[in-house]
C-alpha cells in the first residue's frame, strides 16, 4: 500500500532542509547562505518573485526562530540559535541546534539575545517616560524592570498532587 505524503508548511519544511543540510555535511552549525545554495542546487526549495537569497534568509530565519522543542526536563525551548559573526567579508549569522551547537556558539548567541532584550527594555522605559511626561490625561504609568519574580513564577509547577494534605 502506498502512503500518501502531505505537503508540509514552509515553516515545517525549512527547518527540515536545515537539518538535512547539517546532516549531509556532518556539521552542527551552518550559515544560511550555504544552506540556501545547497537547497537550490538540490531542489529542496524554490523562490517566488523576490530576491531568492533575501526571501530564503527571511523565511528560514523566521522558521528556525519559531521552531521549539520540549527538553528532557519538560521546558519548551527554541531549537535553533543564531550567533552573529564578524569575520571581515564573511560577516553574518551562524545557526545551530541547541544541544549540538558548541558552547562558544551558544554563549555568543544567548549573550546577543540578552543584549537585544536589554535594548528592548530600555526602549520600553523611554516610551513609558515619554508617555508619562506628555500624555493629555496626566496619567503616570509605572513598570517593574526586575524580571526575577517573572522568571521564578514561570518556573513554578503547573501540576499539583491532588492527594489530601495530612
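Below is a table of values for the structure above.
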read-out: Test: residue 81 is in contact (Cβ under 8 Å) with a residue 60 or more places away in the chain and at negative phi; value: no
read-out: Filter result for the condition that a residue is over 20 Å from residue 22 (Cα atoms), surrounded by fewer than 10 Cβ atoms within 10 Å (Cβ to Cβ) and assigned by TED's automatic domain parsing to the domain that holds residue 20, over 76, 142; value: 76
read-out: Checking residue 140 against (1) out of contact with any helix residue (DSSP H, G or I) (no Cβ under 7 Å at 6 or more places or on another chain); (2) part of a loop (DSSP other than H, G, I, E, B), the condition it does not meet; value: (1)
read-out: Residue match in the range 104-124 (condition: touching a residue at least 24 places away in the same chain (Cβ under 8 Å) and over 30 Å from residue 23 (Cα atoms)); value: yes
read-out: Residue count for the range 19-37, restricted to those that are under 13 Å from residue 97 (Cβ atoms) and touching a strand residue (DSSP E or B) at 6+ places or on another chain (Cβ under 7 Å); value: 5
read-out: Checking residue 92 against (1) surrounded by 12 or more Cβ atoms within 10 Å (Cβ to Cβ); (2) on the phi < 0 side of the Ramachandran plot; (3) modelled with pLDDT under 95, the condition it does not meet; value: (2)
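The values are calculated or read from the model by the stated rules, or taken from the named source; none is laboratory data. Everything numeric in this text was worked out from a predicted model, so none of it was measured. Glycine also receives a Cβ, built like all others from the backbone with ideal geometry; neighbour counts cover every protein chain displayed.
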